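The values are calculated or read from the model by the stated rules, or taken from the named source; none is laboratory data. Bear in mind that the values here come from a model prediction, so they are computed numbers and not experimental data. Heads up, the Cβs are rebuilt from the backbone with ideal geometry, glycines too, and the neighbour counts pull from every protein chain shown.
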Amino acid sequence: MRALYPALADGNAYLDGAAGTQVPFSVIDAIAAAYRGGLGNLDGAFAASARSGAIVAGARAAVADLVGAVPDGVVFGPSATSLAYRIADALSRAWTPGDEIVVSRLDHDSNVRPWIQAAVRAGVTVKWAEVDLVTGELPAAQYAELIGPRTRLVAVTAASNVIGTIPDVPAIAGLAHAVGGLCYVDGVHATPHVPADITALGADFYTTSAYKWSGPHLAALAARPELLGTVWPDKLAPSSNAVPWRFERGTLPFADLAGVTAAVDHLAALAPSAPSASRRERVLASMAAVEAYEATLFARLAGGLARLDRVTLYGKAARRAPTAFFGVADVTPRTVAEHLAARGVNVWDGDNYAYELCTALGLEPDGAVRAGLVHYNDASDVDRLLEGVADLVK
Ligand SMILES: Cc1ncc(COP(=O)(O)O)c(C=O)c1O
């Protein structure tokens, strides 16, 4: 499978997947084929326009299969951040002073700041769900206190992009729904690591970025079409009023959307399935296999880091994505990352926009070092990282 990823041939250990994965040949080829075949803007009278329309429809169906949505509930945008701003702006028009929202200290700032800024504009109270800084858990029980009759929205991540914590989103969403509130789930970090099912999660909105799961640099928002039908974003007068189109601003990146479909097909083929299985069934089987494979690799990574003196590993949540966030005493995260880069190991340093969590952990402004595993990593990648860190602390 690693041979399907041309970038991996440079010999580096790509442990930066949490900030963006490499792409397989099939995705590159699908994007190139879309351009080679001739594209036109949508709704024209000619074949190239129809090809673009088919690509968009195909990509909506693919993302729907990836996350358990329906194609008409899939909105594309340039990034999860811009989609969050789009929805926060639209939803907050119905908020009135005295209403409340709940954000979490675990989240990437893209599922925090858009909501806070919208709340400030609407005179809405912001409540905070706190992380247990020892375990890295986001206890769901606290939401019973945070959520009340005026709660309009709860924004929570399906997985931390630094310490990996996978919170009990179904429980949190259930509490939001019990008072008529909505649950906006950031699925950007979770989607590449675990089977995604927006219904099981209780997510009213779920964002995912294709570039975190072997696709191109764009994002999608999944929601029930009926819910999207109740939300009106700012839009141009002649652009479509229909869902999901009215949430998409301007011309879509058609060729990249062909790459989105290819990326989902790539994921769906990672584990064997019965020939009669639907793509949704194949995605679920593959992502379960990915979760199991990554768990074994992560145990090697986390166990290896824990054995090293002067290394602090943050977070030990019961359920977590395979992402390690660690510091080395008396060495800045950037120096650690540079030391590893010199050994062909790509890791991130900084807060990775988990700004609230890093502030709470006292790690701002330098953050820590993040090594994120994805399905194309193997034990040799992990061992190179461990040897590089061991070399630094010896
Ligand atoms: C958990 C999480 N949420 C949101 C984002 C932002 O995604 P995008 O770059 O698509 O805005 C990231 C990106 O690193 C992330 O890891």
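Considering only the range 60-75, state which residues are crowded, with 23+ Cβ neighbours inside 10 Å and either at positive phi or within 16 Å of the ligand (Cβ to nearest atom) (or both).
Listed by number, the residues that qualify are Val63, Leu66, Val67, Val74, Val75.
Here are the criteria: (1) part of a loop (DSSP other than H, G, I, E, B); (2) closer than 20 Å to Leu201 by Cα; (3) in contact with a helix residue (DSSP H, G or I) (Cβ under 9 Å, 6 or more places away or on another chain). Tell me which single one Ala155 does not satisfy.
(1)
I'm told Leu91 meets every condition in (1) in a helix (DSSP H, G or I); (2) surrounded by fewer than 18 Cβ atoms within 10 Å (Cβ to Cβ); (3) more than 16 Å from the ligand (Cβ to nearest atom) except one. Can you identify the failing condition by its number?
(2)
Just need a number here: residues in the range 156-172 that are surrounded by fewer than 24 Cβ atoms within 10 Å (Cβ to Cβ) and among the aliphatic types (A, V, I, L, M). Talk me through it step by step, then tell me what you get.
As a first pass, look at the range 156-172 and keep what is surrounded by fewer than 24 Cβ atoms within 10 Å (Cβ to Cβ): 166, 168, 170-171.
From what is left, the residues that are among the aliphatic types (A, V, I, L, M) are 166, 171.
The total comes to 2.
List the residue pairs whose Cβ atoms are under 8 Å apart, where the first residue sits in the range 221-235 and is under 16 Å from Ser82 (Cβ atoms), the second is basic (Lys, Arg) and in a loop (DSSP other than H, G, I, E, B), and the two are 6 or more positions apart or on different chains.
Lys235/Arg249
Exactly one of these conditions fails for Trp232: (1) crowded, with 16+ Cβ neighbours inside 10 Å; (2) of a type in the set (Phe, Trp, Tyr); (3) over 13 Å from Pro192 (Cα atoms). Give me its number.
(1)
Answer with yes or no whether Thr296 is surrounded by fewer than 20 Cβ atoms within 10 Å (Cβ to Cβ) and assigned to a strand (DSSP E or B).
Judged against the criteria, Thr296 is not a match.
Can you tell me which of (1) touching a residue at least 24 places away in the same chain (Cβ under 8 Å); (2) buried (at least 17 other Cβ atoms within 10 Å of the Cβ) is the one Gly123 doesn't meet?
The single condition Gly123 does not satisfy is (2).
Would you confirm, using the coordinates I've provided, whether Leu133 is closer than 16 Å to Asp89 by Cα and more than 16 Å from the ligand (Cβ to nearest atom)?
no
Are there any pairs, at least 6 apart or on different chains, whose C-beta atoms fall under 7 Å, with the first in the range 352-376 and within 16 Å of the ligand (Cβ to nearest atom) and the second at pLDDT 95 or above and among the aromatic types (Phe, Trp, Tyr), and if so, which?
Ala368/Tyr314; Ala368/Phe325; Ala368/Phe326; Val369/Phe326; Arg370/Phe325; Arg370/Trp348; Leu373/Phe298
Could you list, in sequence order, the residues of the range 33-60 that are without any contact (Cβ under 8 Å) to a residue 40 or more places away in the chain and small (Gly, Ala, Ser)?
Within the range 33-60, Gly37, Gly38, Gly40, Gly44, Ala45, Ala47, Ala48, Ser49, Ala50, Gly53, Ala54, Ala57 qualify.
Would you say Ala30 is away from the ligand (no atom under 16 Å from the Cβ), surrounded by fewer than 20 Cβ atoms within 10 Å (Cβ to Cβ) and of a type in the set (Gly, Ala, Ser)?
Details: away from the ligand (no atom under 16 Å from the Cβ): yes; surrounded by fewer than 20 Cβ atoms within 10 Å (Cβ to Cβ): no; of a type in the set (Gly, Ala, Ser): yes.
Considered against the rule, which asks whether it is away from the ligand (no atom under 16 Å from the Cβ), surrounded by fewer than 20 Cβ atoms within 10 Å (Cβ to Cβ) and of a type in the set (Gly, Ala, Ser), Ala30 comes out as no.
State yes or no: is Pro216 surrounded by 24 or more Cβ atoms within 10 Å (Cβ to Cβ), within 14 Å of the ligand (Cβ to nearest atom) and assigned to a loop (DSSP other than H, G, I, E, B)?
No; evaluated as a whole, the condition is false for this residue.
For residues that are within 16 Å of the ligand (Cβ to nearest atom) and not polar (S, T, N, Q), scanning just the range 1-27, find the one that is surrounded by the most Cβ atoms within 10 Å (Cβ to Cβ).
Step by step, filter the range 1-27, then rank; the result is Ala18.
Which residues, taken from the range 94-123, are among the hydroxyl-bearing types (Ser, Thr, Tyr) and away from the ligand (no atom under 15 Å from the Cβ)?
Thr96
Out of all the residues in the range 44-77, which are of a type in the set (Phe, Trp, Tyr) and in a strand (DSSP E or B)?
Phe76
Scan the range 173-197 for residues that are within 16 Å of the ligand (Cβ to nearest atom) and either surrounded by 24 or more Cβ atoms within 10 Å (Cβ to Cβ) or over 26 Å from Phe298 (Cβ atoms) (or both) and jot them down.
If the condition is that a residue be within 16 Å of the ligand (Cβ to nearest atom) and either surrounded by 24 or more Cβ atoms within 10 Å (Cβ to Cβ) or over 26 Å from Phe298 (Cβ atoms) (or both), then Cys183, Tyr184, Val185, Asp186, Gly187, Val188, His189, Ala190, Thr191, Pro192, His193, Ala196 are the ones that fit.
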